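Let me begin by presenting the structure, written as structure tokens, before commenting on it.
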Amino acid sequence: MSKLLDFFSHPLYLRLSPERLTIRNVRTGAFISEVPEIAILRGPKKAQILGVGVEASLHRATPSVEVLNPFAHPRTMVGDFTAAEQVVKAFIRKLTGSSWFATMPRMVFHPLGDPAGGFTQVEIRAFREMALGAGASDVLMWQGSELTDEQVRSNRLPSTGRLLD
């Protein structure tokens, strides 16, 4: 049964910095890499997402639309959890499509950078929770060098980095 699930699964490798979010389907090689911004129309009842990535920047001049990067905060990499989760979810949808047959992907989440003192437990938990909230079935948190598709597929990570707990 595991082989069958592996066949339908599409392991994803997500690399994140405040300047760029890159997600790659390691089975197909398809990827998306854009600035992690989101355009939100604040309405009287409910906020509406107008676009993410390059589509978000198209709304910069529109009054009542807020374009923000939830990963660009001076003290932490997650300045707005709800917006960050929506960005990750939308990027996954852009990459994988919105097929009703799509399975929940396994994900290696790789926050880039080396903050003074390392990533906090709050940041690590926020990254994991946003990946799960965006539809991942399982999340490995990685800090280290960029991974190859084979390393992500096999979960054999190099000793030059570490898993974040």
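Quick one: is His10 farther than 25 Å from Gly97 by Cβ, in contact with a Pro (Cβ under 9 Å, 6 or more places away or on another chain), in a loop (DSSP other than H, G, I, E, B) and not polar (S, T, N, Q)? So His10 does not fit the description; no.
Taking the range 7-32 as the range and being over 19 Å from Leu68 (Cβ atoms), without any contact (Cβ under 8 Å) to a residue 60 or more places away in the chain and within 13 Å of the chain's Cα centre (by Cα) as the test, only Thr22 passes. Taking the criterion of being crowded, with 16+ Cβ neighbours inside 10 Å and not in a helix (DSSP H, G or I), the residues of the range 67-96 that qualify are Val67, Leu68, Asn69, Pro70, Phe71, Met77, Val78, Gly79, Asp80. Residue under question is Ile32, and the condition is that it be out of contact with any Asp or Glu (no Cβ under 9 Å at 6 or more places or on another chain), at pLDDT 95 or above, of a type outside the set (Phe, Trp, Tyr) and under 30 Å from Leu157 (Cα atoms); does it hold? Spelling it out, Ile32 is indeed out of contact with any Asp or Glu (no Cβ under 9 Å at 6 or more places or on another chain), at pLDDT 95 or above, of a type outside the set (Phe, Trp, Tyr) and under 30 Å from Leu157 (Cα atoms). When each of Arg106, Arg153 is tested for being more than 16 Å from Thr22 (Cα to Cα) and either in contact with an Asp or Glu (Cβ under 9 Å, 6 or more places away or on another chain) or touching a residue at least 60 places away in the same chain (Cβ under 8 Å) (or both), the lone residue that passes is Arg153.
Residue by residue, here is whether (1) part of a strand (DSSP E or B); (2) over 24 Å from Thr76 (Cβ atoms); (3) out of contact with any Leu (no Cβ under 8 Å at 6 or more places or on another chain) holds:
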| position | (1), (2), (3) |
| --- | --- |
| Leu14 | yes, no, no |
| Glu19 | no, no, yes |
| Thr22 | yes, no, no |
| Arg27 | no, yes, yes |
| Pro36 | no, no, no |
| Ile40 | yes, no, no |
| Leu50 | yes, yes, no |
| Glu55 | no, yes, yes |
| Ala61 | no, yes, yes |
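Within this structure, Gly113 fails the test of being surrounded by 16 or more Cβ atoms within 10 Å (Cβ to Cβ), assigned to a loop (DSSP other than H, G, I, E, B) and at positive phi.
The values are calculated or read from the model by the stated rules, or taken from the named source; none is laboratory data. Just so we're clear, the structure is a prediction, and the values are computed from it rather than from any experiment. So basically every Cβ, Gly included, is an ideal-geometry build from the backbone, and we count neighbours across all protein chains shown.
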